[in-house]
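No value in this document is a laboratory result; all are computed from the given coordinates. These numbers were taken from a predicted model, which means no experiment stands behind them. Note that each Cβ is placed from the backbone with ideal geometry, even for glycine, and that neighbours are counted across all protein chains shown.
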Amino acid sequence: MDQNQDGKGGNGSLKDLWKGIGISVGIYLLGLLIMFAVPMITIFYIFVAPIALIILTVVSFSKGKKQLGQGLLIGIGLNILLFAACFGIIIFNLG
């Protein structure tokens, strides 16, 4: 356990985990800003962002950055839950 926390471990450090979470949340926040600026690309972005995050996750695992890949997976999960909650609130308020 100590080997991973000092940043010299083979699978990465805890910092890599937080980097992965930050990257995934950052991609979605950047996308939200772009969607508010140019509403025409909303549908395009909804499909491109998850695909890009899945590709980033696969690449990080294949390069041996296990903690970064796990952080990206956690970030993807958080974003899916956030979008599902917002979708549910919007649909519930329409009916």
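Quick notes on this one:
- Between Ile55 and Leu29, the contour length at 0.36 nm per residue exceeds the Cα-Cα span by 7.5 nm.
- With Cα atoms, 0 to 90° folded angle of helix 42-62 axis to the chain main axis: 10
- Dipole of the chain, positive end: most advanced residue of Leu14, Gln70, Ser60 [Cβ charges, Cα centre]: Ser60
- For mean projected area of the Cα convex hull in nm², calculated from these coordinates, the label among (i) 11.9; (ii) 5.7; (iii) 7.2: (iii)
- Lysine pair count for the chain (Cα-Cα distance under 14 Å; residues 8 or more apart in sequence or on different chains): 6.
- Placing a pseudo-label 7 Å from each Cα along the Cα-to-Cβ vector at Met40 and Ser62 gives an inter-label distance of 3.4 nm.
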